[in-house]
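Enquirer: Dropping the structure in here first, questions after.
The values are calculated or read from the model by the stated rules, or taken from the named source; none is laboratory data. Only a predicted model underlies this, so the values are computations on that prediction, with no experimental measurement involved. No Cβ is skipped: glycine too gets one built from the backbone with ideal geometry, and neighbour counts run over all protein chains shown. The area values use the complete protein model at the heavy-atom level, side chains included, leaving out ligands, DNA and RNA. Shrake-Rupley method; radii C 1.70, N 1.55, O 1.52, S 1.80 Å.
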Amino acid sequence: MKKSDQVTIHDIARALKIDSSTVSRAINDSPRVSKKTKQKILNKANELGYQRNILASNLRTNKTNTIGVIVPRISRNFFSSVISGIEEEAQEAGYNVIICQSFESFEREQKLMETLLANRVDGILISISMQTDSYDHLKKYLNHGGPIVFYDRPCNFENCSSLSVDDYKASFKATEHLIQNGCKNIVHFSGPQINDLYKNRKQGYIDALKKHGLEFNETLVLESKLSEKDGISLAKKVLQLENIDGIYSSNDTAAISAMQYLKNQGVNIPKDIAVVGFNNDPISSVIEPGLTTINQPDFEMGKKASALLINQIKNKNTVKQSEVLDVELIIRQSSKHQI
């Protein structure tokens with residue numbers, strides 16, 4: 001046998017003068033092979049440079065011990081922390097992780113679902129894109145693949161489970177905080193309203209206004225993809241509105257770029273306009289002034305979502321479970337209005 005040839009179980013069997021089925025059982029840790037024989041076979045396999053054919057094994061067992069993760073953008077600190085939690089939990093359970101980015105594109109998300117199905121992943125964790133408004137691409141995976149668990153952006157779809165934060169409660173807290181610090185005309189930077197997450201954040205904003213006797217004005221809800229560029233565009237719109245004294249943004253990215261633009265235009269934050277964001281990105285604590293924001297248990301969300309998915313894979317459990325994690329309002333200088 002040439003060194004360049006791939007070593008098979010038959011080569012190991014010939015070297016040890018035993019049956020190849022015994023070698024196969026030993027490599028797959030079968031209890032039908034004694035510990036002494038198993039160790040002898042594994043030693044010879046290492047000596048010969050045997051590499052297990054994972055693909056063939058997967059085809060036999062119809063399992064890959066791999067989960068797929070679809071994330072809108074890894075560059076967002078929140079999602080990178082969630083992924084860290086997902087990977088830690090998956091590794092402890094003996095699962096590999098394939099990470100894919102949708103870049104907030106519905107079309108790309110559809111293609112990623114096809115790719116993960118083709119790669120026979122055992123289950124999928126997904127935070128849907130801002131553009132996702134139908135779920136046929138998810139149904140195909142459910143019919144031919146394994147379970148799907150939503151994280152961060154929950155969806156009421158089939159019997160899929162989800163892990164998210166209380167977006168309504170968080171938005172209510174953020175808006176009420178601005179009101180309690182003297183704001184009466186508060187702009188809300190919202191994400192696309194096709195997404196339940198941004199619907200819930202908008203509703204929390206509306207109900208906080210109503211609780212404190214402030215009229216809801218739809219023109220003060222500014223919708224975008226909440227990118228850094230969008231934050232600047234939204235800040236320009238804020239300057240065109242009258243008597244705005246507060247901004248509640250559905251993420252820190254748009255809030256921070258808006259703050260920077262407004263400051264460059266001579267706006268004093270928080271004296272002229274107080275600002276609250278959402279996510280508690282690391283930069284929110286080091287900018288000047290520090291950004292008041294909502295802190296989410298991102299790493300914990302990742303671990304719990306991963307554990308939930310793996311449990312469903314192992315136990316073939318498709319009972320819908322939804323867990324909502326609590327949030328914390330972190331108060332910094334950007335919202336300390338002078339009443």
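Enquirer: With runs of 4+ DSSP H residues as the only contributors, calculate the mean residue ellipticity of the chain at 222 nm using -39,500 (n - 2.57) per run, divided by the residue total and rounded to the nearest 500.
Expert: When only DSSP H runs of four or more count, the value is -14000 deg cm²/dmol.
Enquirer: Given a 1.4 angstrom probe, what's the average accessible area per residue across the chain, in square angstrom?
Expert: It amounts to 49 Å² per residue over the chain.
Enquirer: Between rounded, prolate and oblate, where does the stretch 194-274 land on the alpha carbon gyration tensor, with a ≥ b ≥ c its root eigenvalues, rounded for a/c under 1.5, else prolate if a/b exceeds b/c?
Expert: oblate
Enquirer: Another question about this same structure. Taking only Cα atoms and a 10 Å spring cutoff, compute GNM fluctuations for the chain and point out the largest among Ser250, Ser127, Ser233.
Expert: The residue with the greatest mean-square fluctuation here is Ser233.
Enquirer: So for each of 268-281, 190-203 I average, over its residues, the number of other beta carbons within 10 Å; can you give me the resulting order with the highest mean first?
Expert: Those peptides, ordered most packed to least, come out 268-281, 190-203.
Enquirer: Pairs of lysines 8 or more apart, or on different chains, with alpha carbons under 25 Å: count those in the stretch 166-232, would you?
Expert: 24
Enquirer: Which FRET efficiency, nearest 0.05, do Val324 and Lys36 yield, Cβ-Cβ r, R0 41 Å?
Expert: Efficiency, rounded to the nearest 0.05: 0.20.
Enquirer: Same structure, new question: Using a cut-off of 17 Å between alpha-carbon atoms, which lysines can reach Lys304, once sequence neighbours fewer than 8 places away in the same chain are excluded?
Expert: Lys314, Lys320
Enquirer: Over the chain, what is the mean sequence separation of C-alpha contacts under 8 Å (at least six apart), divided by residue count, expressed as relative contact order in percent?
Expert: RCO, the chain: 18 percent.
Enquirer: Report the gain in length on full extension from Lys237 to Val286: 0.36 nm times residue separation, minus Cα-Cα distance, nm rounded to one decimal.
Expert: Going from the current span to full extension adds 15.1 nm.
Enquirer: Now, a different point. Determine which lysines satisfy two conditions relative to Lys44: a Cα distance under 26 Å, and not lying fewer than 8 residues away in the same chain.
Expert: Lys2, Lys3, Lys17, Lys35, Lys36
Enquirer: Would you please name the GluC sites (Glu not before Pro) within the stretch 102-211 that are DSSP coil residues with at most 15 other C-beta atoms within 10 Å of their C-beta?
Expert: Counting only loop positions with at most 15 other Cβ atoms within 10 Å, the GluC sites (Glu not before Pro) in the stretch 102-211 are Glu158.
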